[in-house]
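The values are calculated or read from the model by the stated rules, or taken from the named source; none is laboratory data. Note that the structure is predicted; figures quoted are calculated from it, not measured. Because the Cβ atoms are built from the backbone with ideal geometry, glycine has one as well, and the counts that use them run over all protein chains shown.
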Amino acid sequence: MNSRLRRSALYMPGLNKRAMDKGRTLDADMLLIDLEDSVAPNRKQEARDSSAAAIGKGGYGRREVVLRVNAQDTPYWQDDLDVLTKCTPDGVLVPKINSPEDVLSASTAIRDRVGRRETDLWLMMETPSSVLNSREIAAVVGRVPALQGFVVGTNDLGKDSGVLPGHERLHLLPWLMQLVASAKAFGLDIIDGVFNDFSDEKGFEREARRGRELGMTGKSLIHPRQIAACNKAFSPSKEEIQEARKIVEAFSAKGSADKGVIVVDGRMVERLHLELAESTLARAGVEW
Ligand code: COA
Ligand code: MG
């Protein structure tokens, strides 16, 4: 599993210079600079130029900068990849992945542009085929170590399948869980889909929390207003930190160092819980 903090991934149109400037000060862990759906067909070149300029200028600090290009079967793909010869984003996000072959061809095309420079690969999982083939798609990490993970495209999943997103995403859940299992089985991260109604704070908080419960690494966002709540939802809560401390302390107490299972507050706690507790404290930046 990756240890980088990837709680919040904010999309911004590659045309929007103000948003790309603002990205340098926002508390998002990842910035997804978009050349695809948020850019009209007649403005693709303008967006390539302005995103290359913003990424080239840098100043993004700890934030991972990922360029979302157009899909491989579009007329924009090759020109989008040329942006990689003009600047060095941390990664590239490729839409409409349907099969392991799609990952291999994208990876080869990106390599042709970046040479030996390390460039992460991220995959949009947003079609019914991507769900059905997710295990084989994730397995490509064995051949393409640059592969970091999936970004779920819930809007497109709904569009291509007819599944309606309402009811707390009830009907999408089996697909989301299949994507989580495939990603985690191969040590990949998985970033949940966006919540479109950025003025509905309560709704966003609920969906972000649910995303974490599903096992998502983080969530993709469309507006800066969603960042703080997202980081909170994907960070350990006070109660979780307290609980983790208790478990770590209990295992390090005299006489417990060589025990496999102990009792904390009347509950059975095993060494796997100790591992989980330690990872909770590490994620929360707590020393123990
Ligand atoms: N990233 C960075 N900054 C953003 C931003 C984003 N995604 N969305 C808005 N902002 C900035 C605005 O520039 C503005 O900054 P300012 O006050 O310094 O001028 C501030 O946040 C408030 O913006 P607001 O007026 O509330 O939003 P808007 O009406 O300008 O834009 C959207 C609304 C939805 C068009 C815009 O948020 C957006 O483009 N989101 C991303 C869309 C996208 O990339 N979609 C593709 C993937 S689904
Ligand atoms: Mg999409």
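Some values worked out for this structure:
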read-out: Tabulated pairs, the range 168-191, first under 17 Å from ARG210 (Cβ atoms), second hydroxyl-bearing (Ser, Thr, Tyr), C-beta under 7 angstrom, 6+ apart or interchain; value: LEU172/THR154; GLN178/SER134; LEU179/SER134; ILE190/THR217; ILE191/THR217; ILE191/SER220
read-out: Matching residues, the range 218-243, being among the hydrophobic types (A, V, I, L, M, F, W, C) and assigned to a helix (DSSP H, G or I); value: ILE227, ALA228, ALA229, CYS230, ALA233, ILE241
read-out: Qualifying residue in the range 52-60 (condition: in a helix (DSSP H, G or I) and β-branched (Val, Ile, Thr)); value: yes
read-out: Any hit, the range 42-57, residues being in contact (Cβ under 8 Å) with a residue 12 or more places away in the chain, within 16 Å of ligand 1 (Cβ to nearest atom), hydroxyl-bearing (Ser, Thr, Tyr) and over 27 Å from LEU5 (Cβ atoms); value: yes
read-out: Residue identified as surrounded by fewer than 14 Cβ atoms within 10 Å (Cβ to Cβ) and modelled with pLDDT of 95 or more among GLU36, GLU46; value: GLU46
read-out: The range 1-45: number of residues that are in a loop (DSSP other than H, G, I, E, B), of a type in the set (Val, Ile, Thr) and within 16 Å of ligand 2 (Cβ to nearest atom); value: 1
read-out: Residues within the range 63-87 that are away from ligand 1 (no atom under 16 Å from the Cβ), of a type in the set (D, E, K, R) and touching a residue at least 24 places away in the same chain (Cβ under 8 Å), tallied; value: 3
read-out: The range 78-102, subset part of a loop (DSSP other than H, G, I, E, B) and surrounded by fewer than 21 Cβ atoms within 10 Å (Cβ to Cβ), residue farthest from the chain's Cα centre (by Cα); value: LYS86
read-out: Positions within the range 25-41 being away from ligand 1 (no atom under 13 Å from the Cβ) and more than 22 Å from ALA229 (Cβ to Cβ), in sequence order; value: PRO41
read-out: Residue within the range 61-74 that is over 29 Å from ALA229 (Cβ atoms), exposed (fewer than 14 other Cβ atoms within 10 Å of the Cβ) and more than 15 Å from ligand 2 (Cβ to nearest atom) present; value: no
read-out: Boolean, ARG48 is of a type in the set (Lys, Arg), more than 15 Å from ligand 2 (Cβ to nearest atom) and either out of contact with any Asp or Glu (no Cβ under 8 Å at 6 or more places or on another chain) or part of a loop (DSSP other than H, G, I, E, B) (or both); value: no
read-out: Hits in the range 228-256 (condition: within 25 Å of GLU207 (Cα to Cα) and among the aliphatic types (A, V, I, L, M)); value: ALA228, ALA229, ALA233, ILE241, ALA244
read-out: Where a residue in the range 1-24 is farther than 14 Å from TYR60 by Cα and near ligand 1 (Cβ under 6 Å from one of its atoms) and its partner, wherever it lies, is part of a loop (DSSP other than H, G, I, E, B) and at pLDDT 95 or above, with Cβ under 6 Å and at least six apart; value: TYR11/ILE222; PRO13/SER38; PRO13/VAL39
read-out: Contacts under 7 angstrom Cβ, first residue in the range 261-282 being at negative phi, partner in a helix (DSSP H, G or I) and among the acidic types (Asp, Glu), 6 or more apart; value: THR280/GLU240
read-out: Among residues of the range 38-53, those that are touching a Pro at 6+ places or on another chain (Cβ under 8 Å) and among the charged types (D, E, K, R), counted; value: 0
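Yes or no, residue by residue, for (1) under 30 Å from PRO145 (Cβ atoms); (2) away from ligand 2 (no atom under 16 Å from the Cβ); (3) hydroxyl-bearing (Ser, Thr, Tyr):
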{"residue": "LEU170", "(1), (2), (3)": "no, yes, no"}
{"residue": "LYS184", "(1), (2), (3)": "yes, yes, no"}
{"residue": "ASP192", "(1), (2), (3)": "yes, no, no"}
{"residue": "ASP200", "(1), (2), (3)": "no, yes, no"}
{"residue": "GLY218", "(1), (2), (3)": "yes, yes, no"}
{"residue": "ALA228", "(1), (2), (3)": "no, yes, no"}
{"residue": "LYS232", "(1), (2), (3)": "no, yes, no"}
{"residue": "ILE241", "(1), (2), (3)": "no, yes, no"}
{"residue": "LYS246", "(1), (2), (3)": "no, yes, no"}
